[in-house]
Amino acid sequence: MRNKRDKLDEFFIKSTSLKIAEFAFDYITANSFKNIAIYMSIKNEVRIQYIINLNKEKKFDIFLPVCKREDYICFNKLEDMNSMQKDYFGISCPKNDNTVDEREIDVFFVPGLAFDTSGNRAGYGKGCFDRILKNSGKSFFVGVCYDFQLISGDILETDGNDIGMDFILTEKGMRRVTNLQ
């Protein structure tokens with residue numbers, strides 16, 4: 001999956017990511033969510049951060065992950081794209097220390113290498129997202145990927161620490177998972 005994603009061309013990434021971000025924006029506004037957690041894409045991931053530009057009217061607050069060390073993330077409020085810094089992994093994140101309690105997030109948009117239709121996720125193996133999602137209370141979890149990363153007819157291997165998604169979002173739209181494993 002990683003090799004296939006690494007070979008994507010820039011036009012596909014931009015156009016498909018914009019379509020996915022528009023679906024996400026519509027989902028957020030239709031549900032009147034106020035606190036949204038997204039991520040800054042790396043390694044040809046879906047650029048869900050396009051939601052930032054779609055949210056010109058500030059209909060909701062956006063929170064981004066900040067990796068303070070290899071195995072720990074928190075989410076800080078995005079105040080201004082001009083006041084960003086690099087985190088432990090070199091990913092852009094808010095410079096401020098305006099950290100939100102994960103239980104205040106309405107919906108988390110979560111990256112992954114692959115997802116299955118049961119809501120299982122293959123990430124990068126650090127478990128950072130799983131740890132924060134575990135403590136998030138009644139938040140919704142939306143796995144974000146290109147359609148080719150969604151595995152049908154097979155179930156990804158998980159362990160007791162893996163947190164399942166409620167929905168999977170691709171360029172074909174939002175899909176409720178069939179059965180959390």
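The values are calculated or read from the model by the stated rules, or taken from the named source; none is laboratory data. This one's a predicted model, so the numbers in the text were calculated from it and none came from an experiment. Note that each Cβ is placed from the backbone with ideal geometry, even for glycine, and that neighbours are counted across all protein chains shown.
Taking D80 as the residue in question, decide whether it is within 29 Å of R176 (Cβ to Cβ) and without any contact (Cβ under 8 Å) to a residue 60 or more places away in the chain. The answer is no for D80. If you go through the range 152-172, how many residues are under 15 Å from the mean Cα position of the chain (by Cα) and of a type outside the set (D, E, K, R)? The number of residues fulfilling the criteria is 7. Consider the range 32-74 and keep the residues that are within 11 Å of P111 (Cβ to Cβ) and surrounded by fewer than 18 Cβ atoms within 10 Å (Cβ to Cβ). The one that is modelled with the lowest pLDDT is K43. Just name the residue that is surrounded by the fewest Cβ atoms within 10 Å (Cβ to Cβ) out of those in the range 86-121 that are closer than 15 Å to P65 by Cα, within 12 Å of the chain's Cα centre (by Cα) and among the hydrophobic types (A, V, I, L, M, F, W, C). Ranking the candidates gives V107 first.
Out of all the residues in the range 143-157, which are within 22 Å of V107 (Cβ to Cβ) and of a type in the set (A, V, I, L, M, F, W, C)? Hits for the range 143-157 are V144, C145, L150, L156.
Going by what's in this entry, would Y124 be described as free of Cβ contacts under 8 Å to residues at least 12 places away in the same chain, surrounded by 13 or more Cβ atoms within 10 Å (Cβ to Cβ) and assigned to a loop (DSSP other than H, G, I, E, B)?
On the way: free of Cβ contacts under 8 Å to residues at least 12 places away in the same chain: yes; surrounded by 13 or more Cβ atoms within 10 Å (Cβ to Cβ): yes; assigned to a loop (DSSP other than H, G, I, E, B): yes.
Taking the combined requirement at face value, the residue satisfies it.
Here K138 clears all of (1) closer than 21 Å to R175 by Cβ; (2) in contact with a Leu (Cβ under 8 Å, 6 or more places away or on another chain) except the condition numbered (2).
Run down F141, F109, F148 and say which single residue is under 18 Å from I51 (Cα atoms) and in contact (Cβ under 8 Å) with a residue 60 or more places away in the chain. F109 is the lone residue from the list that is under 18 Å from I51 (Cα atoms) and in contact (Cβ under 8 Å) with a residue 60 or more places away in the chain. The criterion of at least 1 residues that are more than 22 Å from F167 (Cα to Cα) is met, among strands (runs of 3 or more DSSP E) falling completely within the range 1-119, by 61-69, 72-77, 84-86, 92-94.
Please find, within the range 168-181, the residue that is nearest to I42 (Cα to Cα) out of those that are surrounded by fewer than 19 Cβ atoms within 10 Å (Cβ to Cβ) and modelled with pLDDT of 90 or more. I'd like the intermediate steps shown before the answer.
Let us first name the residues in the range 168-181 that are surrounded by fewer than 19 Cβ atoms within 10 Å (Cβ to Cβ), namely 171-176, 178-181.
Retained after the next criterion (residues that are modelled with pLDDT of 90 or more): 171-176.
Details: E171: 18, K172: 21, G173: 22, M174: 22, R175: 23, R176: 25 Å.
Top of the filtered list is E171.
Listed residues I163, I151, I155; which is within 22 Å of I73 (Cα to Cα) and either surrounded by 17 or more Cβ atoms within 10 Å (Cβ to Cβ) or of a type in the set (V, I, T) (or both)? Reasoning before the result, please.
Numbers: I151 fails: within 22 Å of I73 (Cα to Cα); I155 fails: within 22 Å of I73 (Cα to Cα).
That would be I163, the only listed residue that is within 22 Å of I73 (Cα to Cα) and either surrounded by 17 or more Cβ atoms within 10 Å (Cβ to Cβ) or of a type in the set (V, I, T) (or both).
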